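First comes the structure, then the notes that go with it.
The values are calculated or read from the model by the stated rules, or taken from the named source; none is laboratory data. Bear in mind that the values here come from a model prediction, so they are computed numbers and not experimental data. Note: ideal-geometry Cβ built from the backbone for every residue, glycine included; neighbour counts use all protein chains shown. Areas reflect the complete protein model, heavy atoms only, side chains present, ligands, DNA and RNA absent. Shrake-Rupley method; radii C 1.70, N 1.55, O 1.52, S 1.80 Å.
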Amino acid sequence: MPAKLLIVDDEEHICTMLARHFEYVGYDVITADCAAKALAYLEENKADVVISDIMMPGMSGVEMLKIIRR
């Protein structure tokens with residue numbers, strides 16, 4: 001079973017580029033365009049790895065990762 005990777009970035013082209021690369025090398029990839037959507041996804045599902053932009057509107061990637069760690 002491939003590892004599940006969650007990519008969070010408010011720029012669609014960044015999510016698309018990263019998703020294509022990681023899918024190509026065998027990851028199961030989920031993307032979110034903001035921290036709120038990523039956190040909502042993680043309430044119901046798990047991800048083995050989270051890659052996040054740092055500067056995003058609403059909540060920074062650092063703030064989101066602190067919440068995830070709790």
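Give me the net charge of PHE22's neighbourhood, meaning all other residues with Cβ under 11 Å from the Cβ of PHE22; Lys, Arg count +1, Asp, Glu -1.
On the way: positive: LYS4, ARG20; negative: GLU23, ASP28.
In short, 0.
Across the stretch 26-41, computed HN-Hα scalar couplings (Karplus, 6.51 cos²θ - 1.76 cosθ + 1.60, θ = phi - 60°) run x, 7, 8, 10, 10, 10, 9, 9, 7, 4, 4, 5, 5, 5, 4, 4 Hz from first to last residue, x flagging Gly and Pro.
On a 1.4 Å probe surface of the protein chains, which of VAL29, VAL50 comes out largest in accessible area, and what is the full order?
Working: VAL29 20, VAL50 45 Å².
If we order VAL29, VAL50 from most to least accessible, we get VAL50, VAL29.
Neighbours of VAL8, meaning other residues whose beta-carbon lies under 9 angstrom from its beta-carbon, give a summed charge of -3 when Lys and Arg score +1 and Asp and Glu score -1. Note on Rg and Dmax of the Cα atoms in Å: of the candidates [x] 10.9, 31; [y] 11.4, 34; [z] 12.5, 43, the value calculated from this structure sits at [y]. Tally Lys/Arg at +1 and Asp/Glu at -1 over every other residue whose Cβ is under 12 Å from the Cβ of VAL62; what's the total? Net charge in that neighbourhood comes out at 0. By a 1.4 Å probe calculation restricted to protein chains, HIS13 has an accessible surface near 120 Å², given to the nearest 10. Against the criterion of solvent-accessible heavy-atom surface with a 1.4 angstrom probe, ILE54, ILE14, ILE7 sort, most first, into ILE54, ILE14, ILE7. For ARG70 and LYS4, a Förster radius of 25 Å and the Cβ-Cβ distance give a FRET efficiency of 0.80, rounded to the nearest 0.05.
Largest first, how would TYR27, TYR41 line up by accessible area (1.4 Å probe)?
Details: TYR27 90, TYR41 45 Å².
These residues rank, largest area first, as TYR27, TYR41.
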